[in-house]
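All of the numbers you see were taken from the coordinates with simple rules; none came from a lab. Quick caveat: nothing in here was measured; it's all calculated off a predicted structure. Positions of Cβ are backbone-derived with ideal geometry, glycine not excepted, and every protein chain shown enters the neighbour counts.
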Amino acid sequence: MQVNELLKLMLEKGASDLHLKPARPPLMRIDGRIEALQAADLKPEEIGQMLSTILQPHQKAKLERDFSVDLGYGVQGLARFRCNIYLQRGTLAASFRLIPYTVLDVAELDLPDVLFDLCELNQGLVLVTGPTGSGKSTTLAAMIKHITQTRPVNIVTIEDPMEFLIGDDLGTVSQREVGTDTTSFKEALRNVLRQDPDVIMVGEMRDPETMQTAISAAETGHLVFSTLHTNNAVQTVDRVLDSFPAEQQTQIRSQLGLVLKAVMSMKLVRRIDGSGRIAALEIMRATPRVSKAIEQGKTGELLEEIESSVAFTRMQTMNQSLMALLVNGTITYDEAMSQSTDPDDLSLKLRKMFPKIEERKGEEEMSSPADFSEILELQQYRRLYEEQDEKNRIILTEKDEELDRLQSSMRERDQQVQELTERMNQGAGEMERLRNDYARLKQEAQQKIDKLMERIKELNQRMAK
């Protein structure tokens, strides 16, 4: 059995890792679970023969000297793999991590949109943290790819070993591998500032000197990305500070409070439909209160600040991210509880905010199901809708009452008009009667006058005789 055959089978099964150790068949991690292949147990000499074909002379020398060696291994037309070969119980063993040739976009990874904001930073330190296999390298590669596509900058990466291959686009990328292109992280970081970088990506901050150099690079106007093996934002800050002697920690707190722009702590959780895993993220950003808490060494206040600033800064705790995944129907209730570092707090928040969460059926998902800030936005929209609906209801009630008053007034006026019309008709009839009486009386008076004139005429004639 050859290494390349196992790596090809690894892709076919959708595994993320391959483990080789004596007295066991090849082991693969599929959706977070270790599964053994239906094959014979491996013998120490078989593992030695398989691994010798992929080791370069300088890597063999390092393995003999340090009893462990990291390397990147690519199979043409297949994928790249991050490999660690080590001794256990005096025999060789190895672990391979799948690194696809294609670098996925931030949106394709279902990551929150706040990552795009971090890619637009001009300077500062951004840390991506989490346990082994939590998606740190994949997330960093997606962010570096986005930067190359959107910004005309010079990016230098320092990795051990080199994982994702990122091509030039609008920006240009130089990838340096420890052991091949440079002797160490420390040496590479010393030299990187002479390479005119805008963005620096350090595969891992493993020691105080690397941390100090990365912080100093961020202080001098560069955007620095790196990773740490910590579980949350508070632990990340404490880990950096505790890496330095006590007499340096005041200075490091001041520097870190100034340059730290964000900490993203990741964890992969199983999807409810069995289609793989998705990232839950705790996100802390450098608000004035966060920076002040770091400078003053009050890291215990950071969690409360993260939890209470979701709506304004799109920060979120790990529990809030798990809530978002659960509410979106992406993971199960049991998965959320098992992955939470504080399940009691998660249960309390779920009962408070979503008392009928178990009855919820699949509703339309958001752009990132792990983004708790979008849930708050929907709740705010709902509150605004309800408030506006109540205002509209009050306005409609007032309008209905006003309409009733107008209709009543119109009925009264119609009645008044009708009465006035009747009175006018009566007045017109009376006027007509008076005109007729006047004409009749005038005619009668004229007749009497004519008769009187005739009588006077007769009397005058008699008196003249």
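For the reader, a short list of remarks on this structure follows.
- Placed amide H near Asp31: partners under 5 Å, 5+ positions off or other chain: Ser16
- Rounded if a/c under 1.5, otherwise prolate or oblate - segment 3-99, Cα gyration tensor axes: oblate
- Over segment 224-285 - Rg/Rh using Cα atoms and the Kirkwood inverse-distance radius: 1.13
- Using the alpha-carbon positions of the chain, Rg (one decimal) and Dmax (whole number) come out as 43.5, 184 Å.
- Annotation: average projected area of segment 114-370 is 14.2 square nanometres, based on the convex hull of Cα atoms across all directions.
- Separation of the Glu432 and Asn4 label points, Cα + 7 Å toward Cβ, nm: 11.9
- FRET efficiency for Ser216 and Glu304, using Cβ-Cβ distance with R0 set to 25 Å, rounded to 0.05: 0.25
- Efficiency of FRET between Ile30 and Thr183 - r from beta-carbon atoms, R0 30 angstrom, step 0.05: 0.25
- Taking a ≥ b ≥ c as the square roots of the eigenvalues of the Cα gyration tensor, an a/c ratio of 1.5 or more together with a/b larger than b/c marks segment 256-313 as prolate.
- By DSSP, the beta bridges lying fully in the chain are antiparallel in about 60 percent of cases.
- Under the Debye formula (equal points on every Cα, no solvent term), log10 I(q)/I(0) of segment 178-265 at q = 0.12, 0.19, 0.22 Å⁻¹: -0.35, -0.88, -1.17
- Extension gain, Arg393 back to Thr341 (0.36 nm per residue minus Cα-Cα distance, nm): 14.2 nm
- Once the Cα atoms are used to define both axes, helix 246-259 deviates from the longest principal axis of the chain by about 40 degrees.
- For Arg176, the amide hydrogen comes within under 5 Å of the amide hydrogens of Thr157, Ile158, Glu159, counting only partners 5 or more places away or on other chains and with H modelled in the peptide plane.
- Full extension of the chain between Gln446 and Gln248 gives 57.8 nm of extra length, using 0.36 nm per residue less the Cα-Cα distance.
- Förster radius 30 Å - calculated FRET efficiency between Lys292 and Thr132 (Cβ-Cβ, nearest 0.05): 0.35
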